[in-house]
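Visitor: Please read through the structure below; I'll follow up with questions.
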Amino acid sequence: MLKSRPLTTATHKTRSPLPMKQYACEGRNIPLNKNWLDTWCTLPEACDGVLPQLLNYEVRSDDVFVVTFMKCGTTWMQETAWLLMNNLDYEKSKREAVLDRSPFLEDHGIVSGARDAMAYSHTLASPRLLKSHMPANLLPMKVWENKQKLIYVARNCKDVIVSSYHFLKKLGLWTGDNIEDYIEDFIHDELNYTNYWNHIVDFWRMRNEPHIFFVTYEEMKRDLAGVIRRLCDFLERPQLTAEEMAKTVEHLSFDKMKNYEKMTQGLKSQLPKSTTDFQFMRRGIVGSFKDELTPELRAKIDAWSQHFLSQHGLTEEDIFGKL
């Protein structure tokens, strides 16, 4: 059962260019016992039509899903997993944009005018690698019924806030004036895919399920080769030789990934209000929030985070390690 409710903002006019709502679903077969019908996610109203399509999406037995909150290293993991699933086909990787090889299922509900990636995905050969930013209870129901392989990447909250602020603002998907207002919208669940902590903690609590591969952006930055080795086991792919590993780690380096011009051009063509200096990948540094958030803003985010995490007996260090 899919539920929706209006997004009510008491203090100010919404700073999203699109009308927004909140959605929840019963979460049948999810291996985490909680009230999923009270686990809300903020999305554009266009998802009224897209979410039923997504929840009932036809899944193939060998589909693999990459799921993240936005700006958590999604494209980096898509490229990593796609290479392992496709015999390290670097040439096809350079030739075709990652979203053509690994479609973003709900894109047409988030970006007005985007193609129907679910329809497009049916044209792809198996095995498919499919991307979503949806929380657990808004993913295709067959993911949980079939125990599909699912890769989840988490990233620390303050880096996500700073990265998504620049990303959404420069694409014209958030119309506020400053990061202070953005933080207000983020912690009050007025932006796409929020609540952030529900998203992260639900998957962290399911990290030991055999069909879920949980990793953090921070671990990928610390030890990408180690993550690749673990991912090979999870995907039931052969371990890479030393030469293959070196070439793959180089291919996946931030400087190489940052040159994803096809990705940047594709987004800018869909979003005419995007700025000329928009970059799909900006810095990619763990802890770069320290350069942009004042001590007061960091304290505000920390207090909000601690309030949520304390209800689960957790700290940020439990999930991400020391930053």
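The values are calculated or read from the model by the stated rules, or taken from the named source; none is laboratory data. Keep in mind that what you see is a predicted model, and the values were worked out from it rather than measured. Because the Cβ atoms are built from the backbone with ideal geometry, glycine has one as well, and the counts that use them run over all protein chains shown. These accessible areas exclude ligands, DNA and RNA; they are computed on the full protein's heavy atoms, side chains included. Shrake-Rupley method; radii C 1.70, N 1.55, O 1.52, S 1.80 Å.
Visitor: Might you check whether a residue that is touching a His at 6+ places or on another chain (Cβ under 9 Å), in contact (Cβ under 8 Å) with a residue 60 or more places away in the chain, part of a helix (DSSP H, G or I) and within 30 Å of HIS251 (Cα to Cα) occurs anywhere in segment 56-70? I'd like the intermediate steps shown before the answer.
Guide: Applying the first criterion (touching a His at 6+ places or on another chain (Cβ under 9 Å)) to segment 56-70 yields 58, 67-70.
Now drop any that are not in contact (Cβ under 8 Å) with a residue 60 or more places away in the chain, which leaves 58, 67-70.
Within this subset, residues satisfying the condition of being part of a helix (DSSP H, G or I) are none.
For segment 56-70, residues touching a His at 6+ places or on another chain (Cβ under 9 Å), in contact (Cβ under 8 Å) with a residue 60 or more places away in the chain, part of a helix (DSSP H, G or I) and within 30 Å of HIS251 (Cα to Cα): absent.
Visitor: Would it be correct to say that PHE186 is under 23 Å from PRO295 (Cα atoms) and of a type in the set (A, V, I, L, M, F, W, C)?
Guide: Spelling it out, PHE186 is indeed under 23 Å from PRO295 (Cα atoms) and of a type in the set (A, V, I, L, M, F, W, C).
Visitor: Of all residues in segment 15-71 being basic (Lys, Arg) and more than 22 Å from TRP174 (Cα to Cα), which is surrounded by the most Cβ atoms within 10 Å (Cβ to Cβ)?
Guide: Among those that are basic (Lys, Arg) and more than 22 Å from TRP174 (Cα to Cα), it is ARG60.
Visitor: Among the residues of segment 161-178, write down those that are assigned to a loop (DSSP other than H, G, I, E, B) and among the aromatic types (Phe, Trp, Tyr).
Guide: TRP174
Visitor: Moving to a separate point now. What are the pairs with Cβ atoms under 6 angstrom where one residue, in segment 122-150, is assigned to a loop (DSSP other than H, G, I, E, B) and the other, located anywhere, is acidic (Asp, Glu)? Sequence gap at least six, or different chains.
Guide: Listed by first residue and then by second, the contacts come to SER126/ASP62; PRO127/ASP62; ARG128/ASP63; GLN148/ASP63.
Visitor: I'd like the full set of residues that are under 12 Å from MET257 (Cα atoms) and open to solvent by 20 Å² or more (accessible area, probe 1.4 Å), limited to segment 74-108.
Guide: TRP76, LYS94, ALA97 - these are the residues of segment 74-108 that are under 12 Å from MET257 (Cα atoms) and open to solvent by 20 Å² or more (accessible area, probe 1.4 Å).
Visitor: Now for a separate question. Restricting to segment 213-236, give me the number of residues that are open to solvent by 10 Å² or more (accessible area, probe 1.4 Å), out of contact with any Phe, Trp or Tyr (no Cβ under 6 Å at 6 or more places or on another chain) and under 23 Å from ALA136 (Cα atoms).
Guide: Of the residues in that region, 4 qualify.
Visitor: Conditions first: (1) in a helix (DSSP H, G or I); (2) acidic (Asp, Glu); (3) farther than 21 Å from ALA154 by Cα. GLU79 passes all but one, so which condition is the exception?
Guide: In the conditions (1) in a helix (DSSP H, G or I); (2) acidic (Asp, Glu); (3) farther than 21 Å from ALA154 by Cα, GLU79 misses (3) alone.
Visitor: With respect to TYR193, is the statement that it is part of a loop (DSSP other than H, G, I, E, B), touching a residue at least 24 places away in the same chain (Cβ under 8 Å) and open to solvent by less than 10 Å² (accessible area, probe 1.4 Å) true?
Guide: Answer is yes for this residue.
Visitor: Can you name every residue in segment 218-261 that is of a type in the set (D, E, K, R) and closer than 23 Å to ILE319 by Cβ?
Guide: Residues satisfying the conditions are GLU218, GLU219, LYS221, ARG222, ASP223, ARG229, ARG230, ASP233.
Visitor: Based on what the data block shows, is GLU180 surrounded by fewer than 17 Cβ atoms within 10 Å (Cβ to Cβ) and touching a helix residue (DSSP H, G or I) at 6+ places or on another chain (Cβ under 9 Å)? Break it down into steps so the answer makes sense when it comes.
Guide: Details: surrounded by fewer than 17 Cβ atoms within 10 Å (Cβ to Cβ): yes; touching a helix residue (DSSP H, G or I) at 6+ places or on another chain (Cβ under 9 Å): yes.
For GLU180, the condition - surrounded by fewer than 17 Cβ atoms within 10 Å (Cβ to Cβ) and touching a helix residue (DSSP H, G or I) at 6+ places or on another chain (Cβ under 9 Å) - is met.
Visitor: I've got another one for you. Are there any pairs with C-beta distances below 7 angstrom linking a residue in segment 176-189 that is touching a residue at least 24 places away in the same chain (Cβ under 8 Å) to a residue that is β-branched (Val, Ile, Thr) and open to solvent by less than 30 Å² (accessible area, probe 1.4 Å), with the two at least 6 apart or on different chains, and if so which?
Guide: So the pair list comes out as ILE183/ILE161; ILE183/ILE301; PHE186/ILE161; PHE186/THR194; ASP189/THR42.
Visitor: A follow-up question, please. Mind counting the residues in segment 302-323 that are among the hydroxyl-bearing types (Ser, Thr, Tyr) and either more than 25 Å from ARG222 (Cα to Cα) or in a helix (DSSP H, G or I) (or both)?
Guide: Number of matching residues: 2.
Visitor: Restricting to segment 160-175, and then to whatever is more than 18 Å from ILE301 (Cα to Cα) and either in contact (Cβ under 8 Å) with a residue 40 or more places away in the chain or open to solvent by 30 Å² or more (accessible area, probe 1.4 Å) (or both), can you tell me which residue is nearest to the chain's Cα centre (by Cα)? Show your work before the answer.
Guide: Narrowing segment 160-175 to residues more than 18 Å from ILE301 (Cα to Cα): 167-175.
Okay, now just the ones that are also either in contact (Cβ under 8 Å) with a residue 40 or more places away in the chain or open to solvent by 30 Å² or more (accessible area, probe 1.4 Å) (or both), so 167, 169-175.
Numbers: PHE167: 13, LYS169: 17, LYS170: 18, LEU171: 17, GLY172: 19, LEU173: 16, TRP174: 17, THR175: 21 Å.
Filtering first and then ranking leaves PHE167.
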